[in-house]
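Peer 1: First the structure, then my questions, so here it is.
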Amino acid sequence: MERNQSSRDNKTARRKFYDRTFAMLGLLATFIGLITLFALMIDLATDGAGRLSRQFLLSFPSRFPEQAGILSAWVGTTLVMLVTALTAVPLGVAAGVYLEEYAPKNWLTALIEINIANLAGVPSIVYGLMALGLFVYQLRLGHSILTAGLTLALLILPIVIVATREAIRAVPGIMREAAYALGATKWQMVKDHVLPYSTGGILTGVIIALSRAIGETAPLITIGALTFIAFLPDSPVKPEFPFISFDWLMSPFTVMPIQMFNWVSRPQEEFHLNAAATGLVLMVMTLAMNALAIYLRYRFRKRIRW
Amino acid sequence: MEETEMNTKALVTFFALMASLTGAQARAQIVQIDGSSTVFPVTEAVAEEFQKAKKGKVKVTVGISGTGGGFKKFCRGETDISDASRPILKQEMEACKQASVQYYELPVAFDALTVMVNPKNDWVSSMTVADLKKIWEPAAQGKVTTWNQVRASWPNAPLKLFGPGADSGTFDYFTEAIVGKAKASRGDFTASEDDNVLVQGIANDKNALGYFGFAYYVENQKKLKAVGIDGGKEVVPPSPKTVEDGTYQPLSRPIFIYVSKKAAEKPEVKEFVEFYMQNAAKLVRQIKYVALPANAYTLGLEHFQKGKIGTVFGGEAQVGIKIEELLKREAKF
């Protein structure tokens with residue numbers, strides 16, 4: 001009796017020990033990620049913060065490091081990301097919904113699923129080469145913002161699809177059955193229940209995908225992104241009829257990572273500071289984009305009442 | 001009802017999109033340039049000044065696809081001007097000929113390679129091409145690993161090598177000039193496409209030896225020691241003067257722009273090239289590259305204006321030619 005008691009105590013103590021150990025390990029793992037991020041930010045900030053100014057944000061590149069700026073780069077990045085998001089999110093979500101809710105469960109669907117999962121692991125330069133052949137030479141879209149946006153959209157499409165499916169799968173089956181029981185069609189069920197409930201998860205996937213796209217350099221250089229460009233794309237808003245213009249889609253462009261890469265590889269120390277400052281701005285842009293998505297996610301989650 | 005309205009809207013947007021896409025291309029005057037990242041800073045400087053001078057009426061874009069990548073686009077007729085850190089090669093000439101793209105070849109600046117050691121290295125101040133070949137040729141791989149294997153008078157210390165990666169034009173030129181065959185090099189050295197990494201590597205290792213572009217040495221003179229090239233008669237250190245007067249051999253070479261003849265018929269391209277040749281000397285010095293002698297720019301401009309097309313290299317990289325000699329040669333196609 002006594003011995004039983006003490007062996008039970010022993011076991012409990014051991015289990016508690018493992019529990020605490022795992023919690024510590026988890027905390028450590030989290031900190032490694034956080035510390036790396038902070039070290040990176042501090043490193044960039046100590047080098048680059050001094051260069052951050054209105055002038056830096058509103059000037060074109062220059063041979064004089066102190067006169068150079070990133071206007072064409074951040075405008076380029078913003079517009080390319082806009083095209084990417086507007087293409088990849090509807091396509092990715094639609095494909096995810098189809099695969100999860102509509103597609104029959106057979107070998108063909110299984111094959112498609114495996115392929116999509118594999119596509120997420122294809123190196124980005126391969127997408128660049130494909131886009132060069134398809135968008136630039138076949139469809140004659142030129143070395144343009146449109147081509148770049150579509151290329152990055154293809155690159156992140158698998159991530160959006162997979163995230164969408166995961167999010168949809170998390171919606172309980174009883175919700176679907178309840179909707180059917182009330183006479184809803186499949187589309188009504190998807191539109192009014194599945195999609196609203198899974199928006200939070202989908203947005204998380206979109207954040208990860210866009211954060212990957214914003215830092216890409218290789219595929220964009222392949223499709224002909226520029227390094228020196230001292231003018232902005234055509235304005236999307238016009239004073240005369242029809243007031244909106246899509247000329248900017250066909251404009252040549254550069255993006256932040258390319259500008260950074262160019263400055264980092266220059267011999268002059270001052271250009272390296274510019275590169276660090278560009279890195280800071282890029283990080284702020286990524287955080288802003290993510291903040292928007294997190295806000296949207298919060299709004300959607302608040303509306304859900306089961 | 002609601003659905004048809006949406007369809008009409010989508011249709012209208014679609015057509016507006018297509019209409020604006022097709023109309024967009026030819027409107028603005030754009031000079032399109034792509035090619036070598038070594039030439040990029042020169043062309044960037046000229047483009048910057050040119051756009052200022054034209055008050056933004058002409059737009060100039062510059063990419064960095066590399067010399068080879070640049071020629072691919074150039075010979076397809078996609079760019080007006082191609083930056084090149086080496087002369088056009090046979091297969092590129094062939095590609096241009098097939099697309100009937102004719103071109104002017106204009107040298108715009110010098111690019112010099114510098115051989116570097118650590119400042120604490122007190123045994124080396126100059127080397128011969130034969131010394132360098134002994135170190136860098138493919139046969140040296142795994143065998144020449146200490147300094148005294150190169151010259152017996154040097155210490156028995158490990159030889160730590162640094163150099164650019166195999167994709168760079170600097171690598172091509174160094175191997176061509178030292179080993180005698182482009183891309184023939186030993187493989188067991190620390191390679192980086194970023195010359196700044198090489199600077200750090202050599203600055204932190206007493207036994208290091210490496211090579212890279214002259215501009216990177218100029219910016220890091222305190223951290224590095226340049227090795228003079230011993231040509232037998234005298235030792236020539238790398239400097240703007242020795243590069244310009246052609247005595248720093250074989251590690252300096254001209255870099256070029258290639259201008260499409262057809263594009264040069266457009267007034268904005270013609271004007272840009274003329275501006276390039278007229279202002280290059282000043283701008284090249286500002287970005288700390290080595291400028292050609294003044295008459296090289298006047299001659300280049302003359303060739304351009306008189307319509308002297310083609311290359312004077314016949315599709316092969318050549319080492320150790322003086323710039324005056326180059327400009328006197330007859331072009332081939």
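The values are calculated or read from the model by the stated rules, or taken from the named source; none is laboratory data. Here the structure is a predicted model, which means the values were calculated and not measured. Backbone-built Cβ (ideal geometry, glycine too); neighbour counts: all protein chains shown. With ligands, DNA and RNA removed, areas are computed over all heavy atoms of the protein, side chains included. Shrake-Rupley method; radii C 1.70, N 1.55, O 1.52, S 1.80 Å.
Peer 1: Report every pair of residues separated by at least 6 positions or lying on different chains whose Cβ atoms are under 7 Å apart, first residue within segment B:173-202 and more than 12 Å from chain A (Cβ to nearest Cβ), second part of a helix (DSSP H, G or I) and hydroxyl-bearing (Ser, Thr, Tyr).
Peer 2: B:Lys181/B:Thr175; B:Ala182/B:Thr175; B:Lys183/B:Thr175; B:Ala184/B:Thr175; B:Ser185/B:Thr175
Peer 1: Another question, then. Name every residue in segment A:135-154 that is surrounded by fewer than 16 Cβ atoms within 10 Å (Cβ to Cβ) and in a helix (DSSP H, G or I), in order of residue number.
Peer 2: A:Tyr137, A:Gln138
Peer 1: Please go through segment A:113-140 and pick out each residue that is in contact with a Leu (Cβ under 9 Å, 6 or more places away or on another chain) and polar (S, T, N, Q).
Peer 2: Within segment A:113-140, just A:Ser124 meets the criteria.
Peer 1: Sticking with this one: Taking A:Ile70 as the residue in question, decide whether it is touching a Ser or Thr at 6+ places or on another chain (Cβ under 7 Å), touching a residue at least 12 places away in the same chain (Cβ under 8 Å) and away from chain B (no Cβ under 14 Å).
Peer 2: Criteria met by A:Ile70.
Listed here are the residues, each with its yes/no results for (1) in contact with a Cys (Cβ under 6 Å, 6 or more places away or on another chain); (2) among the basic types (Lys, Arg); (3) part of a helix (DSSP H, G or I).
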{"residue": "B:Gly142", "(1), (2), (3)": "no, no, no"}
{"residue": "B:Trp154", "(1), (2), (3)": "no, no, no"}
{"residue": "B:Asp167", "(1), (2), (3)": "no, no, no"}
{"residue": "B:Phe171", "(1), (2), (3)": "no, no, yes"}
{"residue": "B:Ala177", "(1), (2), (3)": "no, no, yes"}
{"residue": "B:Lys181", "(1), (2), (3)": "no, yes, no"}
{"residue": "B:Ala184", "(1), (2), (3)": "no, no, no"}
{"residue": "B:Asp188", "(1), (2), (3)": "no, no, no"}
{"residue": "B:Leu198", "(1), (2), (3)": "no, no, yes"}
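Peer 1: Follow-up question, since we're still on this one. Can you go through A:Leu220, A:Leu226 and tell me which one is within 10 Å of chain B (Cβ to nearest Cβ) and open to solvent by less than 20 Å² (accessible area, probe 1.4 Å)?
Peer 2: A:Leu226
Peer 1: Sort through A:Val93, A:Val80, A:Val97, A:Val89 and tell me the only one that's farther than 30 Å from A:Gly173 by Cα, open to solvent by less than 50 Å² (accessible area, probe 1.4 Å) and part of a helix (DSSP H, G or I).
Peer 2: A:Val80
Peer 1: Among A:Lys186, A:Lys191, which is the only one that is among the basic types (Lys, Arg) and touching a residue at least 24 places away in the same chain (Cβ under 8 Å)?
Peer 2: Criteria check complete, one pass: A:Lys186.
Peer 1: Answer yes or no as to whether B:Lys225 is open to solvent by 20 Å² or more (accessible area, probe 1.4 Å), within 19 Å of A:Pro267 (Cβ to Cβ) and either in contact (Cβ under 8 Å) with a residue 40 or more places away in the chain or over 18 Å from the mean Cα position of the chain (by Cα) (or both).
Peer 2: Considered against the rule, which asks whether it is open to solvent by 20 Å² or more (accessible area, probe 1.4 Å), within 19 Å of A:Pro267 (Cβ to Cβ) and either in contact (Cβ under 8 Å) with a residue 40 or more places away in the chain or over 18 Å from the mean Cα position of the chain (by Cα) (or both), B:Lys225 comes out as yes.
Peer 1: Next question, about the same structure. Which one is farthest from the chain's Cα centre (by Cα) among residues in segment B:228-257 that are β-branched (Val, Ile, Thr) and more than 21 Å from B:Asp194 (Cα to Cα)?
Peer 2: B:Val235
Peer 1: Please list, ordered by residue number, the strands (runs of 3 or more DSSP E) wholly in segment B:24-137 having 1 or more residues that are more than 14 Å from every other protein chain (Cβ to nearest Cβ).
Peer 2: B:81-84, B:103-117, B:126-128
Peer 1: Considering segment B:185-202 alone, what residues qualify as being of a type in the set (D, E, K, R) and buried (at least 20 other Cβ atoms within 10 Å of the Cβ)?
Peer 2: B:Asp195
Peer 1: Additional query: Looking only at residues in segment A:100-134 that are open to solvent by less than 30 Å² (accessible area, probe 1.4 Å) and touching a residue at least 12 places away in the same chain (Cβ under 8 Å), which one is nearest to the chain's Cα centre (by Cα)?
Peer 2: A:Ser124
Peer 1: Could you list, in sequence order, all residues of segment A:14-57 that are in a helix (DSSP H, G or I), open to solvent by less than 90 Å² (accessible area, probe 1.4 Å), under 21 Å from A:Val255 (Cβ atoms) and away from chain B (no Cβ under 14 Å)?
Peer 2: Answer for segment A:14-57, where residues must be in a helix (DSSP H, G or I), open to solvent by less than 90 Å² (accessible area, probe 1.4 Å), under 21 Å from A:Val255 (Cβ atoms) and away from chain B (no Cβ under 14 Å): A:Met41, A:Leu44, A:Gly48, A:Arg51, A:Gln55, A:Phe56, A:Leu57.
Peer 1: If you don't mind, there's one more thing I want to ask. Considering only segment A:261-270, how many residues are open to solvent by 30 Å² or more (accessible area, probe 1.4 Å) and in contact (Cβ under 8 Å) with a residue 40 or more places away in the chain?
Peer 2: The qualifying residues number 2.
Peer 1: Please count how many residues of segment B:203-218 are in a strand (DSSP E or B) and either open to solvent by 30 Å² or more (accessible area, probe 1.4 Å) or more than 8 Å from chain A (Cβ to nearest Cβ) (or both).
Peer 2: 5
Peer 1: Identify, by number, the condition in (1) in a helix (DSSP H, G or I); (2) surrounded by 20 or more Cβ atoms within 10 Å (Cβ to Cβ); (3) of a type outside the set (A, V, I, L, M) that B:Arg253 doesn't meet.
Peer 2: Only one criterion is unmet by B:Arg253, namely (1).
Peer 1: What do you reckon, is A:Phe243 more than 8 Å from every other protein chain (Cβ to nearest Cβ), over 24 Å from B:Val197 (Cα atoms), surrounded by fewer than 21 Cβ atoms within 10 Å (Cβ to Cβ) and not polar (S, T, N, Q)?
Peer 2: So A:Phe243 fits the description; yes.
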